[in-house]
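Remarks on the structure that follows.
The values are calculated or read from the model by the stated rules, or taken from the named source; none is laboratory data. These numbers come from a predicted model, not from an experiment. Cβ atoms come from the backbone with ideal geometry, glycine included; neighbour counts cover every protein chain shown. For accessibility, only protein heavy atoms count, side chains too; no ligands or nucleic acids. Shrake-Rupley method; radii C 1.70, N 1.55, O 1.52, S 1.80 Å.
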Amino acid sequence: MFTTFRGGQSGAWRITLNSAVRGEGLAATPALAITQGPSIALPLVASATSWRLAGVASHVRYVEKAEAEQLAEKQAPLGRRQATYAALIPIRKSAAWWALSQDERREILEAKSHHISASLKFLPQVARQLYHCRDLGEPFDFITWFEYAPEHATMFEELVAMLRATEEWTFVEREVDLRLKLVE
């Protein structure tokens, strides 16, 4: 099942911030539409006033059994009524990251950067989903999607700052940060 994020003139989410954190940004658009289906939603080619990113929610990677159980226990579902704020953060990592073996990446991700263990304190207030897109020929390796209630916006900022301060983030060569509000 593919999830397509389309920045354009319409969609359920209003884009309140579009920031290139590292590398090239995305075209400014007022809205974001999200679709899910057995194929990547059109248009396949972005115009000057729109863009499209697609990914697949896959099995959890780089986690050990106990971590997977903790995540499953604490993780809130997407689509909660009170979660009217969201963030779409597509990320591409460097060739140096992908040249590492899986155990070397796990070492940086968790043993050194504490990506999983440190992130647990932000659950269930911040719901998240990771979409893989590296093998789809997309411009990013991952699309991260977060949803949270307005009263948890400061908590979300703390999460993002924490992750960007890790050794893992030094391997990021492109990141765009989009903040959104659900259109009511």
Next on the checklist: Pairs of alpha-carbon atoms within less than 8 angstrom and 6+ residues apart define the contacts here; what relative contact order does the chain have, in percent?
Outcome noted: 33
Checklist entry - Among K65, K112, K93, which one moves the most in a GNM of the chain with springs linking Cα atoms closer than 10 Å? => result K65
Checklist entry - Which of T154, T144, T16 moves most in a GNM of the chain, Cα contacts under 10 Å? => result T154
Checklist outcome for this item: Taking protein heavy atoms only, a 1.4 Å probe, and rounding to whole percent, the accessible area of the chain owed to carbon and sulfur comes out at 55
Checklist outcome for this item: Cα extents of region 33-123 along the principal axes, largest first, in whole Å, come to 41, 39, 23
Next on the checklist: Using Cα springs under 10 Å in a Gaussian network model of the chain, which residue among A68, A76, A149 shows the largest mean-square fluctuation?
Outcome noted: A68
Next on the checklist: Could you report region 141-184's accessible area per residue, 1.4 Å probe, as an integer in Å²?
Outcome noted: 43
Checklist entry - With +1 on each Lys and Arg Cβ and -1 on each Asp and Glu Cβ, how big is the dipole of the chain about its Cα centre, in debye rounded to the nearest 20? => result 500
Checklist entry - From Cα coordinates alone, what are the radius of gyration and Dmax values for the chain in angstrom? => result 16.0, 46
Next on the checklist: Give me the 1.4 Å probe accessible area per residue for region 1-95, excluding ligands and nucleic acids, in Å².
Outcome noted: 57
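Please give the contour-minus-distance gain from H59 to A96: 0.36 nm per residue of separation, less the Cα-Cα distance, rounded to one decimal in nm.
Values: separation 37, 0.36 × 37 = 13.32 nm, distance 2.35 nm.
In short, 11.0 nm is gained.
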Checklist entry - Picking from L78, A27, A149, whose Cα lies most toward the positive end of the charge dipole for the chain (charges on Cβ: Lys, Arg +1; Asp, Glu -1)? => result A27
